[in-house]
Amino acid sequence: MSGFAFQTIRDLSAGLETKAFSPIDLLDDVLRRLETLEPVINSFACLDPSGARRDAKAAAKRQMAGARLSPLDGIPTSVKDLIAQKDLPQRFGSRSTSDTPMSFDAPSVARLRAAGAVLLGKSTTSEFGCKGVGDSPLTGVTRNPWNADLTPGGSSCGAAAMVAAGVVPYALGTDGGGSVRIPAALTGLFGLKAQFGRVPVYPVSAAPTLAHVGPLARTVEDAAIVMEATAGFDRRDPFSVAGGAPLYTAFKAPDRPLRIAYSPTLGYAKPAPDVLDLVAAAAQAIEALGHEVTHVDHVLENPIDLWISEFYAGAGTRLHDITQSAPELIDPAVLEMLRPALSQDLLGYYSKVFERYALREKMRLFFDDYDLLISPTLPCTAFKVGHNAPPDWPDQSPVGWVAYTYPFNLTGQPAASLPVGFNAEGLPVGLQVVGPSHDEATIFALCAQYQAAHSTLTKRPPTAK
């Protein structure tokens, strides 16, 4: 194992600040590690060593001048291939897209660049982010460092795999129905989608009312550092939340006992016993930290039809011409979901739009009584690659099994996945922590408090050792 593997942003930044090593040393170590790991995990859609080298040399000059830009300055990371990065193609995991390099950075990438991040390249994604697992027709199968026969989840599969393997301390993903939280849960990471619009999205996503950009990291604090760098208003995103980024790193623990609703099923999900046992134990541990935890069986009705109507209609509209002219280029599982969504009539679609507003209001009222909602992030642990859903799952569609995550893309409120342990097979389990509208701070505070008392960081994936 290399000397910098599994170190946090805070640790690496401290070493760079004291000149114990240089950004070039750090990059060289990461690239050596990738020589061994990348053939196993397949986490990059496009690795850009020369661009990263330029970033590292510029960071080294700032380091020697005592002018580091931020805690991220000189530290390698990656950008999911649903996010625009200047001078690299944006392929969306699809053979149907162009390999022409982009001429600009998305807001989140521009902000990482302004913070001095060393950009390694683009991480893998399922095609157009349409599946909760980690494969695409363009890049093949991305694998889970905890067991290379298993999926790391998706669609931010490459981001999760490289962070879980200790290659980088954080990576940038997207979440339109759980695509940060799903792989965070399956690979033992902390992943957050903040309030919708908190991190601006540009160009317009194929799912413009659902898409979030967010970090995957091994620690809550690292995710908070990344959020402070990437959040804040941008006029190019019509949904962008006004104002600057809150100081998320200031929230080390709640300043009062919290009222927390614990729902094992949200009212409809069917979690596996090993997942439920670990999540129930985490709920008890949170109560032992001094919080009031109330068991709530029913939170909402399953809104899967609302989510499918919105997400796949957007993706299907973007891909309409390709689905007609060259459907063989599209992942068959994705194609199967796009066609029904595009067959909706206007009345049917807009009835679901208004049902979505009713769901949002229902959750707003729910949080009049609670500060946070906790649940499993997923009903299962990682399963074998080559499947779009757990092999024994009744619904084999690409989305039905991720029953806990997509509701909170429909409502837009912040939600995270926090690692809370491992099952008997050594596979990670995540706890979903959902906050009221615009309140990432309470999520960060509780998760930081829990991680300080019950960290899973001492355990490392066998593939990455």
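Throughout, read-outs are computed from the coordinates displayed, never taken from laboratory work. Model, not experiment: these values are computed from the prediction. Heads up, the Cβs are rebuilt from the backbone with ideal geometry, glycines too, and the neighbour counts pull from every protein chain shown.
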| query | What's the FRET efficiency of Asp149 with Trp393 using the Cβ-Cβ distance as r and R₀ = 22 Å, to the nearest 0.05? | reply | 0.80
| What 222 nm value per residue comes from the helices of the chain, counting each DSSP H run with n ≥ 4 as -39,500 (n - 2.57) and dividing by all residues, nearest 500 deg cm²/dmol? | -11000 deg cm²/dmol
| note | Expected sort for 204-216, 34-46 on mean C-beta neighbours within 10 Å, highest first, is 204-216, 34-46
| note | Listed with the fewest Cβ neighbours within 10 Å leading, Phe311, Phe21, Phe190, Phe251 appear as Phe21, Phe251, Phe311, Phe190
| message | Take the residue pairs Lys252/Lys459; Lys86/Lys270; Lys86/Lys384; Lys80/Lys362 and return only those whose Cα atoms are more than 31 Å apart. | response | Lys86/Lys270; Lys86/Lys384; Lys80/Lys362
| query | Where a Cα-Cα gap under 16 Å defines reach, which lysines qualify for Lys19, not counting those fewer than 8 residues away within the same chain? | reply | Lys57, Lys61
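Mind ranking 379-389, 164-174, 131-141, 362-372 by how tightly packed they are, going by the mean number of other C-beta atoms within 10 angstrom, highest first?
Final packing ranking: 164-174, 131-141, 379-389, 362-372.
Which whole-number percent gives the relative contact order of the chain, counting Cα pairs below 8 Å spaced six or more residues apart?
Computed over the chain, the figure is 17 percent.
With a ≥ b ≥ c the root eigenvalues of the C-alpha gyration tensor of segment 43-130, is it rounded (a/c under 1.5), prolate (a/b larger than b/c) or oblate?
Verdict is prolate for segment 43-130.
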| request: Could you grab the Rg to Rh ratio for segment 381-465? Cα atoms only, Kirkwood for Rh. | output: 1.02
| request: For the chain, go through all pairs of different Cα atoms, get the mean of 1/r, take its inverse, and jot down that Kirkwood value in Å. | output: 21.7
| note | Label model pair Glu361, Ser343: point-to-point distance (7 angstrom along the Cα→beta-carbon line) in nm is 3.2
| message | Could you give the length gained by full extension between Thr294 and Ala326, i.e. 0.36 nm per residue of separation minus their alpha carbon distance, to one decimal place? | response | 6.3 nm
| Taking N as the number of residues in segment 181-249, what value does Rg over Cα atoms divided by 2.2 N^0.38 Å take? | 1.12
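In what sequence, highest mean first, do 320-326, 304-310, 342-348 appear when ranked by Cβ atoms within 10 angstrom? List each step's numbers first, then the result.
Working: 320-326: 12.3, 304-310: 20.3, 342-348: 10.6.
Put in order of decreasing packing, that is 304-310, 320-326, 342-348.
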| task | Note the per residue figure in Å³ for the convex hull of the C-alpha positions in segment 174-306. | result | 137
